[in-house]
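Okay, structure first, notes after.
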Amino acid sequence: MFEKLLAERIKGISPYLPEDGSGMTALDKNESPFEAEEAVKAVILERLREIPLNRYPDNDCKALKKAIAAYSGVSDEDIVAGNGSDELIHVVMQAFVEPGDKIMLHSPTFSMYGFYAALCGGQVVSYDTGSGFKIEEETFLDRIRRENPKLLILCNPNNPTGGVLGLIQVEAMLACFNGMLLVDEAYYEYSGITAQGLALKNDRVIVLRTLSKGMGLAGLRIGYSISCPAVAAYLERARPPFNINALSQAAAIAVMENAASFLSGIESVKAERARMTERLARLKGVVCYPSAANFILIRVSNPDEVLDKLEKQRIRVKSFGSPALRDCLRITIGTPEENNRLCSLFEEVYDEQCG
């Protein structure tokens, strides 16, 4: 009976079902391989002891916003805090998208944009980047002009391809339409490229970031947006109350105050990314796409065989069902030891083929 009462838009939405990585070397979710240092953990635990769990958390996340603002070099009025940046994608769409409004993406990209667009009744317009996963700037700009979307989303660096746009390109895209521009910088710490300055001076730009990647806090679900204060004030209207629990707020503040301690882990991932790309690119039958994130996208001639080999060794990477990515695997950069194990298994597969 209840099926007849469901909203039409929910019927075509598939649930997000990440694979269970228990007992596996998880190189499929773009997590950091490094935890907080013991000294930072000690600070977190001490602060957690002081939290009255019978009380609601700070709805406005005042201390968390100040810590994020200090890290980002902005004012706390420019910050909106979310339960992961995923929640803030939804908040942005709730604030700006009416049913039927166009939401423009470049494809392939992060699947949750389409998910939240469907929830709010937006019309997704997709620009296909082709087998090379490159945005051809002039054709993309022409498409933006023709569609003039209410919301343009740029994942920068892009997930799952790892490609990155320069700030000049982002500015050119903003200049050719009249809607809102959302720049998702979940992997900012690995690329160093940001539209933050653009967001602070232009009220049509919102930047999203997360503490799940470079700061290694995927288990706490903390994201934030950067925009001019007037835009942030409207995003606050669409944000659910008490959306970040007190434990996550306290832990995230401690991490932000000790952000410098995470720099060595970030630099290690960047170095490993370059080393793995070079090693895998030597193999005949493997194509590595340039990445500015904490993962590498590769195209392989025999994905099923590779996945089977990795699964038997308890290593999990991300595979895809969409036609554009059917032969592709996304590999999260792990520890040097994890990366060596994975590369050695790839070399076994392709040595066997050559033999």
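Odds and ends about this structure:
- Going through (1) within 19 Å of the chain's Cα centre (by Cα); (2) crowded, with 19+ Cβ neighbours inside 10 Å one by one, V231 falls short only on (1).
- Cβ-Cβ under 9 Å pairs, at least 6 apart or on other chains, segment 24-44 side on the phi > 0 side of the Ramachandran plot and surrounded by 19 or more Cβ atoms within 10 Å (Cβ to Cβ), far side at pLDDT 95 or above and among the β-branched types (V, I, T): N30/T332; N30/I333
- Of the helices (runs of 4 or more DSSP H) entirely within segment 1-104, those holding at least 3 residues that are more than 23 Å from L198 (Cβ to Cβ) and modelled with pLDDT under 95 occupy 8-11, 38-49.
- Any chance L165 is more than 30 Å from D28 (Cα to Cα), modelled with pLDDT of 95 or more and not in a strand (DSSP E or B): no
- Number of positions in segment 31-68 that are within 23 Å of the chain's Cα centre (by Cα) and within 16 Å of L247 (Cβ to Cβ): 4
- Put simply, of V286, V255 the only residue that is among the β-branched types (V, I, T) and under 30 Å from S301 (Cα atoms) is V286.
- The condition of being basic (K, R) and out of contact with any helix residue (DSSP H, G or I) (no Cβ under 8 Å at 6 or more places or on another chain) holds for only one of R273, R221, R282, R237, that being R282.
- Test: residue in segment 274-293 that is of a type in the set (F, W, Y), touching a Lys or Arg at 6+ places or on another chain (Cβ under 6 Å) and within 22 Å of G214 (Cβ to Cβ): no
- Condition check for E98: touching a residue at least 40 places away in the same chain (Cβ under 8 Å), more than 29 Å from R273 (Cβ to Cβ), of a type in the set (D, E, K, R) and surrounded by fewer than 16 Cβ atoms within 10 Å (Cβ to Cβ): yes
The values are calculated or read from the model by the stated rules, or taken from the named source; none is laboratory data. Owing to the predicted nature of the structure, the values given are computational and were not obtained by experimental measurement. Heads up, the Cβs are rebuilt from the backbone with ideal geometry, glycines too, and the neighbour counts pull from every protein chain shown.
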